[in-house]
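Undergrad: Structure below; questions to follow.
The values are calculated or read from the model by the stated rules, or taken from the named source; none is laboratory data. These figures come from a predicted structure and were not determined experimentally. As a convention, Cβ positions derive from the backbone with ideal geometry for all residues, glycine included, and neighbour counts pool all protein chains shown. What goes into the accessible areas is simple: the full protein's heavy atoms, side chains included, and nothing from ligands, DNA or RNA. Shrake-Rupley method; radii C 1.70, N 1.55, O 1.52, S 1.80 Å.
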Amino acid sequence: NRAFMITSGLLNFILGLVISVYALADKESFKKGFERFLRAFFSGPRVEGIKQFGRDADHLFSKFIVGKSLDSLIIGVLCYIGMNLLNVRYALLLSVFVGVTNMIPYFGPILGMIPAGLLTLFDSPVKALWVVIFLLALQQFDGLYLGPKILGSSVGMPPFWVIFAIVVGGKLFGFLGMFLGVPVFGVIRLLFSRILDQLVAQKEALAPLILEEEENKT
């Protein structure tokens, strides 16, 4: 049963990768088709507004990926420095693994911690304990300060909302929700901001007319 689940998960990953490659290859065709669909049902200014929102959302997702990559790189470098100070064997390899798994929110640092602790355990149980403590401290530093700081700057969100998006996304959609919670929440926040801007603009445009009607009544 477990072997079936692993095989099924691997096949789904490969299938998703292949579909992503074909989707990227045909992105211009998808864009033209979507634009034709929009122009069939909406006016020109509304279509341009939707297209601009799509560009902003794409830019936000890109900045999130770059920010998360930078965060993982910094964690990998700090891990390498710490493991060198602790005189851990295979420090570079283990630090690269910790940096790569750090791309996975919350569970990633734990996955990176397991091989580091097990390999060090063969050398010295005391050193393995120090390695685990160091990686736990590094995880807390990343989760409570570095990650929200970098991701908040990259997607234009305060650290509180970054943590909120990760927690809510994980609660609702599990691992995928934790990984995509920040950019999705950023897009929702951007959409909400655009709607508020439109409402304020409409109110400001109507204000002179309302004032004129009140003056005519008096």
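Undergrad: What residues of region 24-40 lie in the reach of a label at residue 58, counting those whose backbone N is under 16 Å from a point 7 Å from the Cα along Cα→Cβ?
TA: Once the point is set 7 Å along Cα→Cβ of residue 58, 24-38 turn out to lie under 16 Å by backbone N, inside region 24-40.
Undergrad: Any idea of the accessible area per residue across region 44-132, 1.4 Å probe, to the nearest Å²? Each step should come with its number before you reach the end.
TA: Numbers: 5120 Å² over 89 residues.
Ligands and nucleic acids excluded, the result is 58 Å² per residue.
Undergrad: Answer with one residue from 131, 30, 115: the one whose Cα lies farthest towards the positive end of the charge dipole of region 25-158, charges on Cβ with Lys, Arg +1 and Asp, Glu -1.
TA: 30
Undergrad: For region 39-124, give the percent of accessible area contributed by carbon and sulfur heavy atoms, probe 1.4 Å, rounded to a whole number.
TA: Working: 3750 of 5070 Å².
The value for region 39-124 is 74 percent carbon and sulfur by accessible area.
Undergrad: Between residue 27 and residue 145, what length in nm is gained on full extension when 0.36 nm per residue of separation is reduced by their alpha carbon distance?
TA: Roughly 38.8 nm would be gained on extension.
Undergrad: Stretched out fully, how many nm does the piece from residue 48 to residue 122 gain, at 0.36 nm a residue minus the Cα gap?
TA: Extra length available between residue 48 and residue 122 comes to 20.5 nm.
Undergrad: Can you list which of the trypsin sites (Lys or Arg not before Pro) found in region 62-100 are DSSP loop residues with at most 16 other C-beta atoms within 10 Å?
TA: Numbers: sites: 63, 68, 89; in loops: 89.
Of the trypsin sites (Lys or Arg not before Pro), the ones in loops of region 62-100 whose Cβ has at most 16 other Cβ atoms within 10 Å are 89.
Undergrad: Continuing with the same structure: Enumerate the calculated ³J(HN,Hα) couplings along region 69-80 in order (Karplus 6.51 cos²θ - 1.76 cosθ + 1.60, θ = phi - 60°), each rounded to whole Hz, writing x wherever the residue is Gly or Pro.
TA: 5, 5, 4, 5, 5, 4, 5, x, 5, 4, 5, 5
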